[in-house]
Amino acid sequence: VSLVDNIFILLIYLFAALATGGAVVMGQYLGQNKHEKANRAVNQLILFTALFAICIMIGLYLARNLILHRVFGAIEANVMEASKTYLLIVSASIPFIALYNAGAAVFRTMGNSKVPMYLSMMMNAINVGGNAIFGFDMGVAGAATSTLVSRVISAVAIILLLCSPEHLLHLERPFSFKLDFGMLKKIAYIGIPNGLENGMFQLGKIMVLSMI
């Protein structure tokens, strides 16, 4: 769990940076009283985050053996097998943790940090409770399953909350599946440098871990 989580922490940094870029763009539109464009930015952030996370998830599945052997090298066979099991299950949670981060950024932009705080507490409680329920009989698969379930529930909850037009920022109806590359460029312009800055430290940790 500890070995593989180093890879997932790097991905979470990337999603958090992307969400930050979206939050800045939404905040700019709100400051200009362009609420329609701000809501369109919410749509674009959620849509692009989902597509980006799905691509990363597929890439992890395709390259999981290469990543594990390249990063961790020669480790005990049972540890490698447990790492593969954990990676296989938790990789399915990547789109959900990405959507949660994006949704949390939207609520923080509105000045409502309570919603992401409560959902984060719920996610961690489900994760810990799931470890207690599954962990004894399922081993590392149980730990991975509880992580997956907690992230799915949190992502679904925050997306449902964003569907409510009562919020200042919300998902438009009907939801548009068309990418607005001009708006995405603004989000990436802020998010990518932030992601590189945070990701380089974690990437350095992974490299040191690999050498050790």
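The values are calculated or read from the model by the stated rules, or taken from the named source; none is laboratory data. A quick note: this is a predicted structure, and the numbers were derived from the prediction, not measured. Reconstructed Cβ throughout: ideal geometry from the backbone, glycine too, with neighbour counts over all protein chains shown.
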| query | Do the conditions hold for LEU11, that is, is it outside any loop (DSSP other than H, G, I, E, B), modelled with pLDDT under 90 and more than 15 Å from the chain's Cα centre (by Cα)? | reply | no
| Residue, nearest to the chain's Cα centre (by Cα), within the range 158-187, restricted to residues that are buried (at least 18 other Cβ atoms within 10 Å of the Cβ) and farther than 14 Å from LYS37 by Cα | ILE158
| task | Consider GLY21 carefully, then state whether it is buried (at least 22 other Cβ atoms within 10 Å of the Cβ) and in a helix (DSSP H, G or I). | result | yes
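Listed here are the residues, each with its yes/no results for (1) assigned to a helix (DSSP H, G or I); (2) out of contact with any Ser or Thr (no Cβ under 8 Å at 6 or more places or on another chain); (3) under 20 Å from SER164 (Cα atoms); (4) aromatic (Phe, Trp, Tyr).
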residue: VAL42; (1), (2), (3), (4): yes, yes, yes, no
residue: ILE46; (1), (2), (3), (4): yes, yes, yes, no
residue: PHE52; (1), (2), (3), (4): yes, yes, no, yes
residue: ILE56; (1), (2), (3), (4): yes, yes, no, no
residue: LEU68; (1), (2), (3), (4): yes, no, no, no
residue: ALA74; (1), (2), (3), (4): no, yes, no, no
residue: ASN78; (1), (2), (3), (4): yes, yes, no, no
residue: ALA82; (1), (2), (3), (4): yes, yes, no, no
residue: VAL90; (1), (2), (3), (4): yes, no, no, no
| said: I need the full set of residues from the range 174-192 which are touching a helix residue (DSSP H, G or I) at 6+ places or on another chain (Cβ under 8 Å) and of a type outside the set (Ser, Thr, Tyr), in order please. | reply: PHE175, PHE177, LEU179, ASP180, MET183, LEU184, LYS186, ILE187, ALA188, ILE190, GLY191, ILE192
| message | For a quick check of your reading of the model, give me the residue pairs whose first member lies in the range 113-132 and is under 13 Å from TYR100 (Cα atoms), whose second is part of a helix (DSSP H, G or I), with beta-carbon atoms closer than 6 Å and at least 6 apart or on different chains. | response | VAL115/PHE107; PRO116/ALA104; PRO116/PHE107; LEU119/SER154; LEU119/ALA157; LEU119/ILE158; MET123/SER150; MET123/SER154
| Selection within the range 20-54 - under 23 Å from LEU148 (Cβ atoms) and at pLDDT below 90 | none
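For (1) among the aliphatic types (A, V, I, L, M); (2) over 20 Å from PHE48 (Cα atoms); (3) touching a Pro at 6+ places or on another chain (Cβ under 8 Å), each residue gets a yes or a no:
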{"site": "LYS114", "(1), (2), (3)": "no, yes, no"}
{"site": "ALA125", "(1), (2), (3)": "yes, yes, no"}
{"site": "ASN131", "(1), (2), (3)": "no, yes, no"}
{"site": "CYS163", "(1), (2), (3)": "no, no, no"}
{"site": "PHE175", "(1), (2), (3)": "no, no, no"}
{"site": "MET183", "(1), (2), (3)": "yes, no, no"}
{"site": "TYR189", "(1), (2), (3)": "no, no, no"}
{"site": "PRO193", "(1), (2), (3)": "no, no, no"}
{"site": "MET200", "(1), (2), (3)": "yes, yes, no"}
| Given the residues ALA155, ALA144, which is the only one that is touching a Phe, Trp or Tyr at 6+ places or on another chain (Cβ under 7 Å) and either free of Cβ contacts under 8 Å to residues at least 12 places away in the same chain or within 30 Å of HIS35 (Cα to Cα) (or both)? | ALA155
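Give VAL140, VAL128 a once-over and let me know the one that is surrounded by fewer than 18 Cβ atoms within 10 Å (Cβ to Cβ) and either of a type in the set (Asp, Glu) or at pLDDT below 90 (or both). Show your work before the answer.
On the way: VAL140 fails: surrounded by fewer than 18 Cβ atoms within 10 Å (Cβ to Cβ).
So the residue among VAL140, VAL128 that is surrounded by fewer than 18 Cβ atoms within 10 Å (Cβ to Cβ) and either of a type in the set (Asp, Glu) or at pLDDT below 90 (or both) is VAL128.
Within the range 24-40, can one find any residue that is in contact with a Phe, Trp or Tyr (Cβ under 7 Å, 6 or more places away or on another chain) and part of a helix (DSSP H, G or I)?
The first filter runs over the range 24-40 and keeps only residues in contact with a Phe, Trp or Tyr (Cβ under 7 Å, 6 or more places away or on another chain), leaving 37-38.
Next, only the ones that are part of a helix (DSSP H, G or I) stay: 37-38.
Yes: one or more hits.
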| note | By residue number, the members of the range 73-96 that are buried (at least 19 other Cβ atoms within 10 Å of the Cβ) and over 13 Å from ALA144 (Cβ atoms) are PRO95, PHE96
